[in-house]
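Written below as structure tokens is the structure these notes are about.
Coordinate-derived values only; no laboratory data. From a predicted model like this one, the values you see are computed outputs, not experimental measurements. Quick reminder, even Gly has a Cβ in these numbers, built from the backbone with ideal geometry, and neighbours come from all protein chains shown.
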Amino acid sequence: MMDNRSKYFVFVPFCLLAQAYQAKGIVRYEWKSSIKPFVELLIKNDINIIQIPCIESTYLGLNREPMGLSKYNTVEFNQHCDKLSNQIAEEIENLSNNNYKVLAILGIEQSPSCCVNYIYTNKGMEKRSGLFMEKLQVKIKDKNIPFIGINRKYINKSLKELEKIINDVKNH
Ligand code: SF4
């Protein structure tokens, strides 16, 4: 019997599908639940979606106040990020050993855990990845999987980036 499954995967931050997992008071943009254009793009192209556990709510719970990078940057929280990034790195290894292809890993800009390119801190804008993402990037460096940071206010750039990656593999 023919097996019709898609072999492509994208890893997404948990809150891409559930904005209610964000800290209190910061769901300010158009997206009340999922950030629809990304989810629609992935579904339309039959990409398997893996939700990365929400780093901050698995540490501090759902009803947490927003906190900056310096407050999260503790030994305990970094250990938590390390443990979760090991799990995700193992999952990615497992997928590639089984002939699946991970096309991209999405992050959320400004998140102390999940940003990819930048975050505002009390020192102004810092160009860096979040505490979880930086660990994951090191662990899967040899896989050459692109990380795409989503700015929830202006999603177009990251959406186009993802679209291009999908189109490139589909037209290959
Ligand atoms: S920690 Fe990551 S998954 Fe959780 S709300 Fe923040 S950006 Fe989303």
### trypsin sites (Lys or Arg not before Pro) within region 65-135: DSSP coil, no more than 13 neighbouring Cβ in 10 Å
123
### Task
Return one number: the angle in degrees, 0 to 90 and rounded to the nearest 10, between the long axis of the Cα atoms of helix 75-97 and the longest principal axis of the Cα atoms of the chain.
0 degrees
### Query
With +1 on each Lys and Arg Cβ and -1 on each Asp and Glu Cβ, how big is the dipole of region 8-167 about its Cα centre, in debye rounded to the nearest 20?
480 debye
### Query
Kirkwood Rh, the chain, all Cα pairs: how many Å?
16.6 Å
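Of 143/164; 71/135; 101/170; 32/123, which pairs sit farther than 24 Å apart, going by alpha carbon to alpha carbon?
On the way: 143/164 19 Å; 71/135 18 Å; 101/170 12 Å; 32/123 30 Å.
Beyond 24 Å between Cα atoms: 32/123.
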### Task
Starting from the Cα of residue 39, step 7 Å along the direction of its Cβ; do the same at residue 18; then give the gap between the two resulting points in nm.
1.2 nm
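Add -39500 (n - 2.57) for each DSSP H run of 4 or more in the chain, then divide by its residues: what number comes out at 222 nm, to the nearest 500 deg cm²/dmol? Please report the intermediate quantities before stating the final value.
On the way: 6 runs with 64 residues, N = 172.
Result for the chain: -11000 deg cm²/dmol, rounded to the nearest 500.
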### Point-to-point label distance, residue 73-residue 172, nm (Cα→Cβ direction, 7 Å offset)
3.7 nm
### Query
region 89-130 to region 134-164: how many Å between their Cα centroids?
6 Å
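In percent, what relative contact order does the chain have, based on Cα pairs under 8 Å that are 6 or more apart in sequence?
Values: 250 pairs, mean separation 39.1, N = 172.
The normalised contact order for the chain reaches 23 percent.
Write out the GluC sites (Glu not before Pro) in region 25-98 meeting two conditions: DSSP loop, and at most 13 other Cβ atoms within 10 Å of their Cβ. Don't skip to the end; give the middle numbers.
Values: sites: 30, 40, 56, 76, 90, 91, 93; in loops: 30, 56.
Loop-located and lightly packed - 30.
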